[in-house]
Amino acid sequence: MGLFSKDIKTLNDLFVHQLQDIYYAENQILKALPKMIDKATSPDLKAGFEAHLTETEGHVQRLEQVFRQHGVEIKGVDCPAIDGIIKEADEVAGEVDDKEVLDAALVASAQAVEHYEMTKYGTLIAWARQLGREDCAALLRQNLDEEKAADKKLTAIAESKVNLRAAS
């Protein structure tokens, strides 16, 4: 089902489609994070990625709970946006030889992912509330709060260490 598919007729249909989109995205992120952990040389960055890998596993579990609560099948739909962000991250990382600059590139790529997720979760929360699904909104809010916290941690790591090392 494409974003503008004839199968999407109601806000509920759109909510389910976007839920499937972020579910796919979170699962792709689960696959990408171990590679980012391996590439990171900054101990703080590596630890941040490891912590977020665990959080992402929780995001997937919460999304599965939202699917169940909403009474729909747990499944993802292709998300070209997250595929593109991850592909770009892989390409940039493959082009950087300097390890300090690589860490800066990894932070930037991770933040692109976080910002995409924050956008999706914010929209899903609004739609869940509109549909009278505060139970679903509460779970989605937990994911959004963790994504925002991860983004802040990445900014702190970049500004306090990684970018400084990359610039020297």
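Restricting attention to segment 91-107, the residues that are in contact (Cβ under 8 Å) with a residue 40 or more places away in the chain and surrounded by 15 or more Cβ atoms within 10 Å (Cβ to Cβ) add up to 8. Taken together, Ala149, Ala156 contain a single residue that is surrounded by fewer than 17 Cβ atoms within 10 Å (Cβ to Cβ), farther than 17 Å from Leu63 by Cα, within 14 Å of the chain's Cα centre (by Cα) and not hydroxyl-bearing (Ser, Thr, Tyr), which is Ala149. Looking only at segment 108-129, filter to residues that are surrounded by fewer than 19 Cβ atoms within 10 Å (Cβ to Cβ) and hydrophobic (A, V, I, L, M, F, W, C); which one of those is farthest from Gln142 (Cα to Cα)? Out of the qualifying residues, it is Ala108.
Within segment 129-140, residues that are more than 12 Å from Arg68 (Cβ to Cβ) and in a helix (DSSP H, G or I) sit with their Cβ atoms under 6 Å from residues that are open to solvent by 60 Å² or more (accessible area, probe 1.4 Å) and not hydrophobic (A, V, I, L, M, F, W, C), at 6+ positions apart or across chains, in these pairs: Ala137/Arg129.
For segment 59-81, taking the residues that are farther than 16 Å from Leu131 by Cα and open to solvent by 60 Å² or more (accessible area, probe 1.4 Å), the one that is farthest from the chain's Cα centre (by Cα) is identified as Glu73. Restricted to segment 1-53, and to residues there that are open to solvent by less than 60 Å² (accessible area, probe 1.4 Å) and in a loop (DSSP other than H, G, I, E, B), the residue that is modelled with the lowest pLDDT is Gly2.
The values are calculated or read from the model by the stated rules, or taken from the named source; none is laboratory data. Everything numeric here is computed off the predicted structure, so don't read it as measured data. Note that each Cβ is placed from the backbone with ideal geometry, even for glycine, and that neighbours are counted across all protein chains shown. Just the protein is used for accessible areas: all its heavy atoms, side chains included, with ligands, DNA and RNA removed. Shrake-Rupley method; radii C 1.70, N 1.55, O 1.52, S 1.80 Å.
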